[in-house]
Amino acid sequence: MPSPSSRARRASPTVLAAAAVLVVAIVALGLSLLRGVGAGAGGGSPAVLPSTSGATVATASSSRVTPVSGLPRVAESALPDEADTTLALVRAGGPFPYEEDGAVFGNRERILPRQPNGYYREYTVETPGEGDRGPRRIIGGADGDLYWTTDHYASFRQIEEGR
């Protein structure tokens with residue numbers, strides 16, 4: 001007969017069940033994170049997505065959580081090439097082609113979510129055929145939220161990065 005110290009202890013069914021649930025949860029979380037990282041790689045997502053309310057939007061290109069604005073959304077991939085250029089400059093911190101780029105955007109139209117003064121910055125998106133800066137802008141919020149306007153602040157759509 002084996003001594004008590006050499007006998008292997010068997011886990012109770014309750015401990016085994018708890019361990020199985022934990023393993024399944026970890027695997028599910030890992031798959032969920034992998035799916036989130038790959039979501040921006042393409043796929044058939046529509047260019048303009050309906051807004052959501054009462055939640056936050058995690059952008060694929062950053063770990064920041066973007067506040068939900070309640071505005072219509074537009075996939076970054078649906079923006080024109082000139083907007084891609086501006087977004088790259090914003091992400092790099094410049095240099096910007098226009099002196100006004102990076103200036104405080106006051107949100108006087110009150111279309112964007114209300115934030116303290118200085119929260120938003122504006123950046124020019126060149127408009128082909130325009131002799132000046134044109135009407136297109138990207139507005140960036142201090143929390144990483146980005147907005148697109150084609151009509152010089154009359155309307156906005158929130159940019160979904162990485163989509």
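Around the amide H of I159, modelled in the peptide plane, lie the amide H atoms of V74, L146, Y147, W148, all under 5 Å away and 5 or more residues distant in sequence or on another chain. Put in order of Cβ neighbour count within 10 Å, fewest first, the listed residues D132, D143, D101 become D132, D143, D101. Label-to-label distance, R133 versus A103, with points set 7 angstrom from Cα along the beta-carbon direction: 0.5 nm. Taking other residues whose beta carbon is less than 14 angstrom from the beta carbon of N117, and scoring Lys, Arg as +1 and Asp, Glu as -1, yields +3. Sorted on the mean count of surrounding Cβ atoms within 10 Å across their residues, most packed first, peptides 147-154, 113-120 read 147-154, 113-120.
The numbers here are math on the coordinates, done by the rules we state, and not lab data. No experiment lies behind these values; they were computed from the predicted model shown. Neighbour counts run over all protein chains shown; Cβ positions are idealised from the backbone, glycine included.
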